[in-house]
Amino acid sequence: ITPPNTYDNGYIEDEFKLAAAVREELARNNISGGTCHITVKSTAILTREILLPKLSGKDIAGLLHYQMEEHLPMDFSKYVIQHKAVERITKDGKEKLNVLVAAVPKELVETHYDFVRKLGLKPEVMDYQSNSIWKFLNHAGSVNGSLYPQDKTIAAIDLGYSSSYVTIISEGKAKLNRAIDSGGQSLDKNISSLTGLSGEEIKACKQGIIDVSMVEEGYSEQNRYTNIVKTSIEGIMDKIDKVFRY
(Lines give C-alpha, C1' and ligand atoms only; values in the text may rest on other atoms or scores of the structure.)
Protein backbone atom coordinates (compact mmCIF):
# COMPACT_ATOMS: atom_id res chain seq x y z
CA ILE A 1 0.00 0.00 0.00
CA THR A 2 1.45 3.34 -1.05
CA PRO A 3 1.79 5.70 1.95
CA PRO A 4 -0.22 8.94 1.62
CA ASN A 5 1.49 11.93 -0.01
CA THR A 6 4.50 9.93 -1.24
CA TYR A 7 3.66 9.38 -4.91
CA ASP A 8 1.48 11.43 -7.22
CA ASN A 9 0.84 11.19 -10.97
CA GLY A 10 4.07 9.32 -11.64
CA TYR A 11 6.27 11.53 -9.46
CA ILE A 12 7.92 10.53 -6.18
CA GLU A 13 6.96 13.13 -3.56
CA ASP A 14 8.51 11.60 -0.42
CA GLU A 15 11.35 9.23 -1.28
CA PHE A 16 12.13 8.33 2.35
CA LYS A 17 8.62 7.16 3.29
CA LEU A 18 8.04 5.43 -0.04
CA ALA A 19 11.37 3.60 0.16
CA ALA A 20 10.56 2.39 3.68
CA ALA A 21 7.22 0.98 2.49
CA VAL A 22 8.76 -0.73 -0.54
CA ARG A 23 11.60 -2.22 1.54
CA GLU A 24 9.01 -3.64 3.91
CA GLU A 25 7.17 -5.29 1.01
CA LEU A 26 10.41 -6.64 -0.47
CA ALA A 27 11.38 -8.15 2.89
CA ARG A 28 7.92 -9.65 3.34
CA ASN A 29 8.32 -11.40 -0.01
CA ASN A 30 11.96 -12.43 0.63
CA ILE A 31 13.35 -10.23 -2.15
CA SER A 32 16.80 -8.83 -1.44
CA GLY A 33 18.08 -7.81 -4.87
CA GLY A 34 18.14 -8.60 -8.57
CA THR A 35 16.79 -6.93 -11.68
CA CYS A 36 13.42 -5.22 -11.87
CA HIS A 37 11.03 -3.90 -14.48
CA ILE A 38 9.44 -0.50 -13.85
CA THR A 39 5.97 0.41 -15.07
CA VAL A 40 4.73 3.97 -14.61
CA LYS A 41 1.60 5.91 -15.41
CA SER A 42 1.33 9.66 -15.52
CA THR A 43 -0.64 12.30 -17.37
CA ALA A 44 2.79 13.88 -18.03
CA ILE A 45 3.59 11.01 -20.43
CA LEU A 46 2.61 12.08 -23.93
CA THR A 47 1.64 9.58 -26.64
CA ARG A 48 0.75 10.07 -30.28
CA GLU A 49 0.05 7.78 -33.21
CA ILE A 50 1.71 9.00 -36.41
CA LEU A 51 1.08 7.59 -39.87
CA LEU A 52 4.30 7.23 -41.88
CA PRO A 53 5.34 5.68 -45.19
CA LYS A 54 6.58 2.09 -44.96
CA LEU A 55 10.20 2.49 -43.82
CA SER A 56 12.96 0.60 -42.05
CA GLY A 57 13.59 1.14 -38.33
CA LYS A 58 16.45 3.62 -38.81
CA ASP A 59 14.54 5.58 -41.44
CA ILE A 60 11.51 5.81 -39.12
CA ALA A 61 13.65 7.37 -36.39
CA GLY A 62 15.09 9.89 -38.85
CA LEU A 63 11.70 10.92 -40.24
CA LEU A 64 10.18 11.19 -36.77
CA HIS A 65 12.98 13.54 -35.75
CA TYR A 66 11.72 16.06 -38.31
CA GLN A 67 8.00 15.51 -37.75
CA MET A 68 7.86 15.45 -33.95
CA GLU A 69 7.38 19.19 -33.49
CA GLU A 70 4.24 19.06 -35.59
CA HIS A 71 2.69 16.29 -33.48
CA LEU A 72 4.19 17.01 -30.04
CA PRO A 73 5.05 20.71 -29.60
CA MET A 74 7.32 20.72 -26.55
CA ASP A 75 10.92 21.05 -25.34
CA PHE A 76 12.36 17.72 -26.53
CA SER A 77 15.50 18.13 -24.40
CA LYS A 78 13.35 17.42 -21.33
CA TYR A 79 11.88 14.13 -22.61
CA VAL A 80 12.95 10.59 -23.36
CA ILE A 81 11.27 9.66 -26.64
CA GLN A 82 10.65 6.11 -27.88
CA HIS A 83 8.61 4.73 -30.75
CA LYS A 84 7.35 1.47 -32.17
CA ALA A 85 5.42 0.47 -35.28
CA VAL A 86 2.10 -0.95 -34.10
CA GLU A 87 0.51 -1.96 -37.41
CA ARG A 88 0.66 -1.76 -41.18
CA ILE A 89 -2.30 -0.30 -42.99
CA THR A 90 -3.18 0.52 -46.59
CA LYS A 91 -4.29 4.07 -47.33
CA ASP A 92 -4.95 5.47 -50.81
CA GLY A 93 -3.48 2.29 -52.26
CA LYS A 94 -0.18 2.72 -50.42
CA GLU A 95 1.15 0.68 -47.50
CA LYS A 96 1.87 2.76 -44.43
CA LEU A 97 3.02 2.27 -40.86
CA ASN A 98 1.07 3.40 -37.83
CA VAL A 99 3.81 4.40 -35.37
CA LEU A 100 3.18 4.93 -31.65
CA VAL A 101 5.41 7.60 -30.11
CA ALA A 102 5.79 8.01 -26.34
CA ALA A 103 7.51 10.97 -24.69
CA VAL A 104 8.37 10.57 -21.00
CA PRO A 105 9.77 13.43 -18.89
CA LYS A 106 13.46 12.80 -18.15
CA GLU A 107 12.90 13.83 -14.53
CA LEU A 108 10.34 11.05 -14.14
CA VAL A 109 12.68 8.47 -15.69
CA GLU A 110 15.73 9.49 -13.67
CA THR A 111 13.95 9.62 -10.30
CA HIS A 112 12.50 6.12 -10.77
CA TYR A 113 15.85 4.66 -11.84
CA ASP A 114 17.61 6.30 -8.87
CA PHE A 115 14.87 5.10 -6.52
CA VAL A 116 15.11 1.41 -7.41
CA ARG A 117 18.92 1.53 -7.34
CA LYS A 118 18.79 2.85 -3.77
CA LEU A 119 16.63 -0.18 -2.92
CA GLY A 120 19.43 -2.47 -4.11
CA LEU A 121 17.66 -3.39 -7.35
CA LYS A 122 18.91 -3.13 -10.92
CA PRO A 123 16.46 -1.42 -13.30
CA GLU A 124 16.33 -3.40 -16.53
CA VAL A 125 13.22 -2.11 -18.30
CA MET A 126 11.02 0.95 -17.91
CA ASP A 127 7.64 1.08 -19.61
CA TYR A 128 4.44 3.04 -19.34
CA GLN A 129 1.29 1.36 -18.13
CA SER A 130 -0.84 1.06 -21.26
CA ASN A 131 2.04 -0.47 -23.22
CA SER A 132 2.59 -2.97 -20.41
CA ILE A 133 -1.10 -3.90 -20.56
CA TRP A 134 -0.77 -4.41 -24.32
CA LYS A 135 2.26 -6.65 -23.84
CA PHE A 136 0.48 -8.72 -21.22
CA LEU A 137 -2.69 -9.21 -23.25
CA ASN A 138 -0.79 -9.78 -26.49
CA HIS A 139 1.48 -12.46 -25.08
CA ALA A 140 -0.67 -14.04 -22.37
CA GLY A 141 -2.43 -16.43 -24.77
CA SER A 142 -5.56 -16.33 -22.64
CA VAL A 143 -6.92 -14.48 -19.63
CA ASN A 144 -8.56 -16.61 -16.93
CA GLY A 145 -8.48 -19.49 -19.40
CA SER A 146 -11.47 -18.21 -21.37
CA LEU A 147 -10.66 -14.83 -22.92
CA TYR A 148 -8.34 -14.85 -25.95
CA PRO A 149 -7.16 -11.25 -26.59
CA GLN A 150 -5.73 -11.92 -30.05
CA ASP A 151 -9.22 -12.54 -31.45
CA LYS A 152 -11.16 -9.76 -29.72
CA THR A 153 -11.38 -6.06 -28.99
CA ILE A 154 -10.67 -5.48 -25.30
CA ALA A 155 -10.89 -2.38 -23.14
CA ALA A 156 -8.69 -2.38 -20.04
CA ILE A 157 -9.84 0.22 -17.50
CA ASP A 158 -7.58 1.29 -14.65
CA LEU A 159 -9.48 3.22 -11.99
CA GLY A 160 -6.62 5.00 -10.29
CA TYR A 161 -6.57 7.50 -7.45
CA SER A 162 -5.74 10.82 -9.11
CA SER A 163 -6.63 9.69 -12.65
CA SER A 164 -7.95 6.73 -14.61
CA TYR A 165 -6.84 5.19 -17.89
CA VAL A 166 -8.59 3.40 -20.74
CA THR A 167 -6.55 1.16 -23.05
CA ILE A 168 -8.24 -0.42 -26.06
CA ILE A 169 -6.60 -3.37 -27.82
CA SER A 170 -8.07 -4.95 -30.94
CA GLU A 171 -6.85 -8.32 -32.24
CA GLY A 172 -3.52 -7.91 -30.48
CA LYS A 173 -2.93 -4.33 -31.66
CA ALA A 174 -2.93 -1.26 -29.41
CA LYS A 175 -5.64 1.06 -30.71
CA LEU A 176 -6.22 3.71 -28.06
CA ASN A 177 -4.91 5.01 -24.76
CA ARG A 178 -6.67 7.83 -22.93
CA ALA A 179 -6.16 9.41 -19.53
CA ILE A 180 -9.20 10.62 -17.56
CA ASP A 181 -8.74 13.23 -14.85
CA SER A 182 -10.96 11.44 -12.33
CA GLY A 183 -10.49 8.55 -9.95
CA GLY A 184 -10.63 7.62 -6.30
CA GLN A 185 -9.44 11.07 -5.24
CA SER A 186 -12.48 12.78 -6.79
CA LEU A 187 -14.70 10.27 -5.01
CA ASP A 188 -13.04 11.06 -1.66
CA LYS A 189 -13.39 14.80 -2.27
CA ASN A 190 -17.10 14.42 -2.95
CA ILE A 191 -17.60 12.43 0.25
CA SER A 192 -15.62 15.00 2.25
CA SER A 193 -17.42 18.04 0.82
CA LEU A 194 -20.90 16.55 1.33
CA THR A 195 -20.40 14.89 4.72
CA GLY A 196 -17.50 16.68 6.40
CA LEU A 197 -15.68 13.36 6.83
CA SER A 198 -11.93 13.04 6.32
CA GLY A 199 -9.08 10.53 6.35
CA GLU A 200 -9.92 7.27 8.11
CA GLU A 201 -13.59 8.29 8.35
CA ILE A 202 -13.87 8.33 4.55
CA LYS A 203 -12.12 4.96 4.38
CA ALA A 204 -14.55 3.48 6.92
CA CYS A 205 -17.47 4.99 5.00
CA LYS A 206 -16.42 3.24 1.78
CA GLN A 207 -15.65 -0.04 3.51
CA GLY A 208 -19.16 -0.08 4.96
CA ILE A 209 -20.68 -0.19 1.47
CA ILE A 210 -21.37 -3.73 0.28
CA ASP A 211 -22.89 -2.85 -3.10
CA VAL A 212 -23.38 0.68 -4.46
CA SER A 213 -26.37 -0.51 -6.49
CA MET A 214 -28.21 -1.56 -3.33
CA VAL A 215 -29.75 1.25 -1.27
CA GLU A 216 -32.11 0.30 1.54
CA GLU A 217 -35.47 2.00 1.95
CA GLY A 218 -35.70 4.92 4.32
CA TYR A 219 -33.10 7.45 5.37
CA SER A 220 -29.87 6.46 7.09
CA GLU A 221 -26.34 7.81 7.13
CA GLN A 222 -25.13 4.65 5.39
CA ASN A 223 -27.68 5.13 2.61
CA ARG A 224 -26.49 8.70 2.24
CA TYR A 225 -22.86 7.56 1.92
CA THR A 226 -23.84 4.89 -0.59
CA ASN A 227 -25.70 7.41 -2.75
CA ILE A 228 -22.74 9.82 -2.72
CA VAL A 229 -20.31 7.06 -3.73
CA LYS A 230 -22.69 5.75 -6.40
CA THR A 231 -23.13 9.22 -7.93
CA SER A 232 -19.36 9.82 -7.87
CA ILE A 233 -18.64 6.51 -9.61
CA GLU A 234 -21.31 7.25 -12.21
CA GLY A 235 -19.55 10.55 -12.92
CA ILE A 236 -16.28 8.71 -13.55
CA MET A 237 -18.03 6.13 -15.73
CA ASP A 238 -19.64 8.92 -17.79
CA LYS A 239 -16.16 10.20 -18.66
CA ILE A 240 -15.05 6.68 -19.57
CA ASP A 241 -18.15 6.26 -21.72
CA LYS A 242 -17.16 9.37 -23.70
CA VAL A 243 -13.91 7.59 -24.64
CA PHE A 244 -15.89 4.70 -26.13
CA ARG A 245 -18.25 7.05 -27.98
CA TYR A 246 -15.24 8.87 -29.41
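Structure data summary
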| read-out | value |
| --- | --- |
| Residue within the stretch 50-59 that is among the hydrophobic types (A, V, I, L, M, F, W, C) and in contact with a Pro (Cβ under 6 Å, 6 or more places away or on another chain) present | no |
| Flag for LYS84 being under 22 Å from the mean Cα position of the chain (by Cα), buried (at least 17 other Cβ atoms within 10 Å of the Cβ), closer than 17 Å to ASP127 by Cβ and charged (D, E, K, R) | no |
| Filter pass, SER213 being at pLDDT 85 or above and in a loop (DSSP other than H, G, I, E, B) | no |
| Residues satisfying the stated conditions in the stretch 204-222, i.e. surrounded by 13 or more Cβ atoms within 10 Å (Cβ to Cβ) and either under 30 Å from VAL166 (Cα atoms) or basic (Lys, Arg) (or both) | CYS205, LYS206, ILE209, VAL212, VAL215 |
| Extreme residue, modelled with the highest pLDDT, among residues of the stretch 16-74 that are surrounded by 13 or more Cβ atoms within 10 Å (Cβ to Cβ) and among the polar types (S, T, N, Q) | THR39 |
| Selection status of ASP75, of a type in the set (Asp, Glu), over 21 Å from the mean Cα position of the chain (by Cα) and at positive phi | no |
| Scope the stretch 132-165; condition in contact (Cβ under 8 Å) with a residue 12 or more places away in the chain and of a type in the set (A, V, I, L, M, F, W, C); matching residues | ILE133, TRP134, LEU137, ILE154, ALA155, ALA156, ILE157, LEU159 |
| Scope the stretch 10-56; condition among the charged types (D, E, K, R) and touching a residue at least 60 places away in the same chain (Cβ under 8 Å); matching residues | GLU15, ARG23, LYS41 |
| Tally, over the stretch 164-219, of residues that are within 30 Å of GLY141 (Cβ to Cβ) and out of contact with any Asp or Glu (no Cβ under 7 Å at 6 or more places or on another chain) | 13 |
| Matching entry among THR39, THR43, THR2 (being closer than 30 Å to ILE202 by Cβ and part of a strand (DSSP E or B)) | THR39 |
| Condition met for ASN30 (under 20 Å from the mean Cα position of the chain (by Cα) and assigned to a loop (DSSP other than H, G, I, E, B)) | no |
| Leading residue by the ranking (surrounded by the fewest Cβ atoms within 10 Å (Cβ to Cβ)) among those in the stretch 162-194 that are in contact with a helix residue (DSSP H, G or I) (Cβ under 7 Å, 6 or more places away or on another chain) and in a helix (DSSP H, G or I) | LEU194 |
| Flag if LYS84 is out of contact with any Ser or Thr (no Cβ under 7 Å at 6 or more places or on another chain) and of a type in the set (D, E, K, R) | yes |
| Extreme residue, nearest to ASN190 (Cα to Cα), among residues of the stretch 146-161 that are part of a helix (DSSP H, G or I) and touching a Gly at 6+ places or on another chain (Cβ under 7 Å) | PRO149 |
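Yes/no matrix, rows are residues, columns are (1) closer than 22 Å to SER42 by Cα; (2) among the polar types (S, T, N, Q):
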position: GLU87; (1), (2): no, no
position: ALA102; (1), (2): yes, no
position: TYR113; (1), (2): yes, no
position: ASN144; (1), (2): no, yes
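Yes/no matrix, rows are residues, columns are (1) surrounded by 13 or more Cβ atoms within 10 Å (Cβ to Cβ); (2) more than 24 Å from VAL22 (Cα to Cα); (3) at pLDDT 80 or above; (4) in contact with a Gly (Cβ under 9 Å, 6 or more places away or on another chain):
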{"site": "GLU110", "(1), (2), (3), (4)": "no, no, yes, no"}
{"site": "LYS118", "(1), (2), (3), (4)": "no, no, yes, no"}
{"site": "MET126", "(1), (2), (3), (4)": "yes, no, yes, no"}
{"site": "LEU137", "(1), (2), (3), (4)": "yes, yes, no, yes"}
{"site": "ASN144", "(1), (2), (3), (4)": "no, yes, no, no"}
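The values are calculated or read from the model by the stated rules, or taken from the named source; none is laboratory data. Just so it is clear, the model here is predicted, and its values are computed rather than measured. A quick note on method: Cβ atoms are made from the backbone with ideal geometry, for glycine too, and the neighbour counts reach across all protein chains shown.
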